[in-house]
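The values are calculated or read from the model by the stated rules, or taken from the named source; none is laboratory data. Keep in mind that what you see is a predicted model, and the values were worked out from it rather than measured. Glycine also receives a Cβ, built like all others from the backbone with ideal geometry; neighbour counts cover every protein chain displayed. Please note that ligands, DNA and RNA were not included when accessible areas were found on the heavy atoms of the full protein model with its side chains. Shrake-Rupley method; radii C 1.70, N 1.55, O 1.52, S 1.80 Å.
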Amino acid sequence: MADTPPAGRLTIGGVLVRLKPEFPDISISKIRFLEAEGLLAPGRTASGYRVYTDKDVDRLRYVLTAQRERFWPLKVIREALDAMDRGLEAPPPQQSRAHVPAVPADSDVPSSDYFSADLSTLRLTAEEVSRSSGLDSSTLAALVTYGLLRPDAEGLFDAAALPIAASAAALASYGIEARHLRPFRTAADREIGLADQALAPLRGRRDERADQLRADLLHHCLGLHAALVKAGLSQR
């Protein structure tokens, strides 16, 4: 006899009942096939029975819709799901390429809202960063070489890469190349070190008050940096 699924989870039969009105042709073998193809990854009970969350059901609904209404092959669906898993936005109906979500605009002195935007799950390929920022691939590679962009172990970039790449693309129009930007990295690392010292009492704290203090400190550090650069340029 199958295990009783944990609260908030469905058996494969429960998934079938939920989706059958929308997709009359769905079957248990179809769901298992999509799992075998790597499009689903349900949990398992201690006895090995599949259990599905609401998120799993939504993912399956997306796959079935893409097949029925967009006629996408599994390869295209898999690529779209991978992009969405990395924080990109779902492709619109007539496209198969996921969209990089908009990052809050970075003014000369970002507000606290800039730092509180939840983009922590966003992970981008080099091609996605290039396409979104307007930066050519060779310049992006140079930014990595000079330490301005730092991919993770899988070669993917977080949301912070987007404003960095966009700024580098804009500066390139003034003849400022990636190799010229190394002083920005050095200065930023020194400022980060100073901020780390000031934030030491908050280390390990993750509450609203601590997050607000971090955001305020970053806001004032960047305010000072922008003011110094503006003052220096105005004297030229």
Legend entry - Candidates R205, R182, filtered to the one that is within 27 Å of the chain's Cα centre (by Cα), surrounded by 11 or more Cβ atoms within 10 Å (Cβ to Cβ) and outside any helix (DSSP H, G or I): R205
Legend entry - Residues that are among the aromatic types (F, W, Y), assigned to a loop (DSSP other than H, G, I, E, B) and touching a helix residue (DSSP H, G or I) at 6+ places or on another chain (Cβ under 9 Å), drawn from the range 42-90: Y49, W72
Inset, instruction - Look through the range 124-154, keep the residues that are part of a helix (DSSP H, G or I), open to solvent by 60 Å² or more (accessible area, probe 1.4 Å) and without any contact (Cβ under 8 Å) to a residue 24 or more places away in the chain, and return whichever of them is nearest to M84 (Cα to Cα). - result: E127
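A quick yes/no check of all residues on (1) within 20 Å of the chain's Cα centre (by Cα); (2) under 25 Å from S27 (Cα atoms); (3) modelled with pLDDT under 90:
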{"position": "Y52", "(1), (2), (3)": "no, yes, no"}
{"position": "D56", "(1), (2), (3)": "yes, yes, no"}
{"position": "E69", "(1), (2), (3)": "no, yes, yes"}
{"position": "E79", "(1), (2), (3)": "yes, yes, yes"}
{"position": "D106", "(1), (2), (3)": "yes, no, yes"}
{"position": "S120", "(1), (2), (3)": "yes, no, yes"}
{"position": "T139", "(1), (2), (3)": "no, no, no"}
{"position": "A142", "(1), (2), (3)": "no, no, no"}
Legend entry - The one condition in (1) buried (at least 16 other Cβ atoms within 10 Å of the Cβ); (2) assigned to a helix (DSSP H, G or I); (3) at pLDDT 90 or above; (4) under 20 Å from the mean Cα position of the chain (by Cα) that L39 fails to fulfil: (2)
